[in-house]
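The values are calculated or read from the model by the stated rules, or taken from the named source; none is laboratory data. Predicted model, so just to flag it, every value in this text is computed and none were measured. As a convention, Cβ positions derive from the backbone with ideal geometry for all residues, glycine included, and neighbour counts pool all protein chains shown. Just so you know, the surface numbers come from the protein's heavy atoms only, side chains and all, with ligands and any DNA or RNA stripped out. Shrake-Rupley method; radii C 1.70, N 1.55, O 1.52, S 1.80 Å.
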Amino acid sequence: MKRIISLISAGILLSNISLLAQTQKLRCEYLENPLGIDQTAPRFTWEFSTKQNPISVKICVDTDSLALVKGRNNTWISNNIASSQQLVSYAGKPLQSFQKYYWKLIDKNNQTLSAIASFEMGLLNSSDWKGAWISDSQGKEEKNAPYFRKAFEAKKEIVSARAYIAVGGLYELSINGQRIGNHRLDPMYTRFDKRTLCVTYDVTKHLQHGKNAIGVLLGNGWYNHQSTAVWFFDKAPWRNRPTFCLDVRITYKDGSIETIRSGKDWKTSESPVTFNSIYTAEHYDARLEKTGWNLPNYDDKTWKDVIYRAAPSTRIVSQALHPIRHTNEILSKNLKTFSKQNYVFDLGENISGVSSITVKGNAGTVIRLKHGERLLPDGHVDQSNIDVHYRPTDDKDPFQTDIFILSGKGEETFTPKFNYKGFQYIEINSSEPIELTQNGVKGYFMHSDVPAIGKITSSNPTLNKIWAATNRSYLSNLFGYPTDCPQREKNGWTGDAHIACETGLYNFDGITIYEKWLADHRDEQQPNGVLPSIIPTGGWGYEWGNGPDWTSTIAIIPWNIYLFYGDSKLLKDSYEPIKRYVDHITDISPNGLCTWGLGDWVPVKSKTPVELTSTAYYFVDVTILAKAAKLLGNQEDYVKYSALAEKIKKAFNQKYLNEQTGIYGAGVQTELSVPLYWGLVPEGLKPKVAKNLADRVAQDNYHLDVGLLGTKAILNALSENGYASIAYKVASQESYPSWGWWIVNGATSLYENWPIDAKSDISMNHIMFGEIGAWLYKGLAGIFPDEQGAGFKNIMLKPNFVEGLATFSADFESPRGLIHSEWEQKGNTVIYKIVVPQNASAKVQLPEGYKVKSINQKAISTPQVGLLSAGEYTLLIEK
Ligand code: BGC
């Protein structure tokens, strides 16, 4: 990289980049210039700029950036890639461990079309590792987080250095006293006994010619779960004292390589982190701080020897993901001082993450920081909505309560390293009087730091807030796997995740996290196809809650990834697992009806038979499987599973549909909307069923009467069948039960239950009811992917100019670039603005009764009949 930068500054590249504007956003494995890749055929993606029509391109890859600049022949030059394609997998000679590769795009005349990007391979073979798995000699019940250190001398001038660290547990890595990187809670949660993640850092600038020291602090994470709760994380089969394996690979100026590795020459000692639980909290005794512990000249004579440990699993896989980070610092909005020993801070917003306290006090002062989402009437923090599944065995590990013991050495700051919580309020209790002002405690929002790619604005402020709250809850529940809530559980509940998947994909570039999570699925699947309801799991969840209404994640998520990114890799990787899951359901549902499931979870009032919703999801899975079979060229499976889908549909309609009336079951909202949304209604009867749904909603006073599965379907079933204005009326309600009801009552995140004062199931940061975040893009802006041109090569634009909303605008950064859909209505006139990205086309379908009066267009490529090509359009529309 250094080399390229110097070339650019020397102006050598500039003569070559006349066409640079043409391609951009070069990504490898969906990441910008990633390190530590271990895919042997990494995927490359790019976007065309709006400056020129897309053309057929070739990819050149080389280990030498200069060779790439000069166009000499290279490690790999791909064949011509059709202009319509913006994704290709590497297919050259085998990529080598540790090697950095540069790549760019050229046209058929070898003219450069892009800037140069890079990717670097990590450790491809287990034999590439030099280090040993080490730990201290404590058992898994030991509470103190161990420090490890090694000092060494780099005898020559360093050109580059990489650290590769694989961990059972969590780590913080430092070199010469400086923390490496800004990741938090690394590595991400996996089934540690099946797959252990390795993180790669460029540590060149941290090392020096001469004396160096490497420090590692290990935390427990999900690997050594000491807190006890109803899901038995503490009984996970992999559970053990944290351990790590580290290689720091240094390349010297003379070309030689030295690897500083974890091994018996490391030393270990106790740290000031006296307790850490990802689930509950962290305890820190600043009196135990060892100043300079990770510096070269620190005296570690009293430190103990390390021991070798078995690797947690035999598979070490690169963590090629957007890391968890502190993404936002939040200052307290309010402080209530009960006494000098008792304060309550209010961040003004509900987040997942940690708090940080800065304070002065006497040595030995014990400060407790209790975190919660709400207050008791007397102004103290109330945890009764979130500690319900916690089963502590003593009082030493209070829920969501950090314990900080002061060293007494002036101003001190504490921020937990190996824990996160869900909270808005922090109550401080101190054993001695302390002075705290409003800036004394801050919050840090934490989550997988996936890039934001969507934006909604409208003339309805409540709707805008619902969108923001949905995104907040989505992110609060993204920690390398999707969770249900950041406080009570932190569980990878499958049902919550497939419901929220589109919300995630319209708003965030989340493919890397979903691909990782589906690998977790594959690690958890039983030979007979059964999957657990929480993934990853230490064993809980194979016996409860894992029917198709929840664990259809195995099919729905790969399918959505295909639709949104036009990338079939995840679908391919998931194909056999989907098939096994589907075949298992078929085994237990010979007549085509499936009773396995939880049903429409946390409904407002009406109940829908579990068999209705579970059979619908069984149908969804089989349909996806049939489509995947077709896409992947498996004709036999396509025929087989298409027939099975038909059989299920028939059985479903025979059991639940009254063909005379067009009513399913008792005709409540979920019963009508689920078959409509998921395509189970016989074609001719759709208008009748949709009319029944609209009437039902009117009878319910245009308010929701659904649970989890119904929320996925209800708004879409209405807006896709001619009742968008009714959908909007429901979506924008501000009285109970509705999303707006939460918002007008002060919510900044989505809740788990419709009544704000519900007695149970009342987490205040659940993504479960979050489909509305996707519906805004679909039901109002009308932006849909098209399976005939996945990845938004073909865009469906089906906006709805709904009653009661003056303006609406959606921006969505698709893999082909920005899609914009914005409308403003006055009386019978609508001004509709569209941006179609380069190399895509859009099919516009206006709601019934609307006609285009005029089009003002700046097309940037040749339009095809009936389609809008790339460009900007303003349509004047009349009713
Ligand atoms: C979780 C839900 C989850 C459900 C399954 C709850 O405890 O928080 O979001 O889907 O269990 O029943």
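As a test, work out the antiparallel percent of DSSP beta bridges whose residues both lie in the chain, rounded to the nearest 5. Spell out each step's value before the answer.
Numbers: 157 of 168 bridges.
Expressed as a percentage, antiparallel bridges in the chain total about 95.
Shape verdict for the range 413-565, please, from the Cα gyration tensor: rounded (a/c under 1.5), prolate (a/b greater than b/c) or oblate. Intermediate results must be reported in sequence, preceding the final value.
Values: a/c = 2.50, a/b = 1.43, b/c = 1.74.
Oblate, because a/c is 1.5 or more while a/b does not exceed b/c.
Rank 451, 236, 213 by how far each Cα sits towards the positive end of the charge dipole of the chain (+1 on Lys, Arg Cβ; -1 on Asp, Glu Cβ) and give me just the farthest.
Looking along the dipole axis, the top candidate is 213.
Expressed as a whole percentage, what fraction of the accessible surface of the chain belongs to carbon and sulfur atoms when a 1.4 Å probe is rolled over the protein heavy atoms?
The value for the chain is 49 percent carbon and sulfur by accessible area.
When ranked by the protection proxy of mean other Cβ atoms within 10 Å per residue, highest first, what sequence do the peptides 116-125, 358-367 form? Walk me through the numbers before you get to the answer.
On the way: 116-125: 20.9, 358-367: 16.8.
In decreasing order of mean packing, 116-125, 358-367 become 116-125, 358-367.
Can you tell me the relative contact order of the range 632-699? Whole percent, Cα pairs under 8 Å, sequence separation 6 or more. Write out the running numbers ahead of the final one.
Details: 42 pairs, mean separation 18.7, N = 68.
Once divided by the residue count of the range 632-699, the mean separation gives 27 percent.
Pull up the cross-link candidates among the lysines for residue 409, meaning alpha carbon to alpha carbon under 16 Å and not fewer than 8 places away within one chain.
The qualifying lysines are 290, 360.
Sequence gap at least 6, Cα distance under 8 Å: using those rules, report the relative contact order of the range 492-628 to the nearest whole percent. Display every interim value, and only then the final one.
Numbers: 191 pairs, mean separation 34.6, N = 137.
The value is 25 percent.
Once the piece of chain linking residue 572 and residue 337 is laid out straight, how much longer is it, given 0.36 nm per residue of separation minus the C-alpha distance between them? Show your work: numbers first, answer last.
Details: separation 235, 0.36 × 235 = 84.60 nm, distance 5.77 nm.
Stretched fully, the residue 572-residue 337 segment lengthens by 78.8 nm.
Given R₀ = 35 Å, FRET efficiency for residue 683-residue 468 by Cβ-Cβ distance, to 0.05? Could the numbers behind the result be given before it?
Numbers: r = 38 Å, r/R0 = 1.09.
It comes to 0.35.
For the pairs 455/879; 25/712; 336/417; 235/417; 194/370, flag any whose C-alpha to C-alpha distance is greater than 29 Å. Working shown, then result.
Details: 455/879 27 Å; 25/712 33 Å; 336/417 27 Å; 235/417 23 Å; 194/370 35 Å.
Beyond 29 Å: 25/712; 194/370.
Taking the Cα centre of the range 531-655 as the origin, how large is its charge dipole in debye, to the nearest 20, when only Lys and Arg (+1) and Asp and Glu (-1) carry charge on their Cβ atoms?
Magnitude of the dipole: close to 340 debye.
Considering only protein heavy atoms, what per residue accessible area in square angstrom results for the range 788-872 with a 1.4 angstrom probe?
48
With the dipole of the chain worked out from charges on the C-beta (+1 for Lys and Arg, -1 for Asp and Glu) around the Cα centre, which of 735, 127, 384 lies farthest toward the positive end?
The residue sitting farthest along the positive end of the dipole is 127.
Could you give the size of the charge dipole of the chain about its Cα centre, using +1 on the Cβ of each K and R and -1 on the Cβ of each D and E, expressed in debye and rounded to the nearest 20?
Dipole size: approximately 2120 debye.
Which is farthest toward the positive dipole end of the chain among 410, 835, 581, measuring Cα position about the Cα centre, with Cβ charges +1 (Lys, Arg) and -1 (Asp, Glu)?
835
Given +1 on the Cβ of Lys and Arg, -1 on the Cβ of Asp and Glu, and no further charges, what dipole in debye does the range 426-530 carry about its Cα centre, rounded to the nearest 20? Can you show the working numbers first?
On the way: 8 positive and 13 negative charges, 74 e Å.
Charge dipole of the range 426-530: 360 debye, to the nearest 20.
Give a residue-ordered list of calculated ³J(HN,Hα) values for the range 329-340 (Karplus: 6.51 cos²θ - 1.76 cosθ + 1.60, θ = phi - 60°; whole Hz; x for Gly, Pro).
Result, ordered by residue: 8, 10, 7, 5, 9, 7, 9, 10, 9, 7, 6, 5 Hz.
Label point 7 Å out from residue 159 along Cα-to-Cβ: which residues of the range 57-87 have amide N under 15 Å?
63-67
With a probe of 1.4 Å, find how much accessible area the range 714-778 has per residue, and write the answer as a whole number in Å². Please list the in-between numbers first.
Values: 1740 Å² over 65 residues.
I get 27 Å² per residue for the range 714-778.
Just check the chain against the gyration tensor rule for me: Cα atoms, a ≥ b ≥ c as the square roots of the eigenvalues, rounded for a/c under 1.5, and otherwise prolate or oblate depending on whether a/b exceeds b/c. Could you put the intermediate results ahead of the total?
Values: a/c = 1.66, a/b = 1.22, b/c = 1.36.
Oblate, because a/c is 1.5 or more while a/b does not exceed b/c.
Counting heavy atoms of the protein chains only and a 1.4 Å probe, report the per residue accessible area for the range 160-233 as a whole number of Å².
That works out to 24 Å² for each residue.
How far is the Cα center of the range 365-409 from the Cα center of the range 542-573, in Å?
Cα centres, the range 365-409 to the range 542-573: 37 Å.
Treating cross-link reach as a plain straight distance, find the aspartates and glutamates whose alpha-carbon is under 14 Å from the alpha-carbon of residue 607, omitting any fewer than eight places away in the same chain.
In chain and number order, the partners are 671, 705.
Kyte-Doolittle cut-off 0.5, length cut-off 30 Å along the helix's own axis using Cα: show which whole DSSP H helices in the chain pass.
Details: long enough: 610-631 (31 Å, 0.83); 635-656 (31 Å, -1.11).
Length and hydropathy pass: 610-631.
With contacts defined as alpha carbon pairs under 8 Å and 6 or more residues apart, what's the relative contact order of the range 420-559 in percent? Please report the intermediate quantities before stating the final value.
Working: 151 pairs, mean separation 30.7, N = 140.
Contact order relative to length: 22 percent.
Counting helices only, and only those DSSP H runs with n ≥ 4, report the 222 nm mean residue ellipticity of the chain as the sum of -39,500 (n - 2.57) divided by its residues, in deg cm²/dmol to the nearest 500. Walk me through the intermediate numbers first.
Values: 16 runs with 192 residues, N = 879.
So the calculated ellipticity at 222 nm is -7000 deg cm²/dmol.
Residues of the range 801-824 with amide nitrogen under 19 Å from the 7 Å Cα-to-Cβ point of residue 455?
Only 807-824 fall inside the zone, counting backbone N under 19 Å.
How much length, in nm to one decimal, is gained on full extension between residue 290 and residue 256, taken as 0.36 nm per residue of separation minus their Cα-Cα distance? Mind showing how you got there, number by number?
Numbers: separation 34, 0.36 × 34 = 12.24 nm, distance 3.47 nm.
Contour length minus the Cα-Cα distance gives 8.8 nm.
Once the piece of chain linking residue 138 and residue 391 is laid out straight, how much longer is it, given 0.36 nm per residue of separation minus the C-alpha distance between them?
Numbers: separation 253, 0.36 × 253 = 91.08 nm, distance 2.46 nm.
Residue separation times 0.36 nm, minus the Cα-Cα distance, leaves 88.6 nm.
Which of the peptides 625-631, 555-561 is most tightly packed, and how do the rest follow, going by the mean number of other Cβ atoms within 10 Å of each residue? Don't skip to the answer; put the middle values down first.
Values: 625-631: 21.0, 555-561: 25.4.
Ranked from most to least packed, the peptides come out as 555-561, 625-631.
If R0 is 30 Å, what FRET efficiency do you get for residue 829 and residue 872 from their C-beta distance, rounded to 0.05? Don't skip to the end; give the middle numbers.
Values: r = 20 Å, r/R0 = 0.66.
Given R0 = 30 Å and the Cβ-Cβ separation, E is 0.90.
Quick one: if the Förster radius is 56 Å, what FRET efficiency do residue 879 and residue 654 give, using the C-beta to C-beta distance and rounding to 0.05? Kindly include the intermediate steps, with their values, before the conclusion.
Details: r = 41 Å, r/R0 = 0.73.
The pair residue 879/residue 654 has a calculated efficiency of 0.85.
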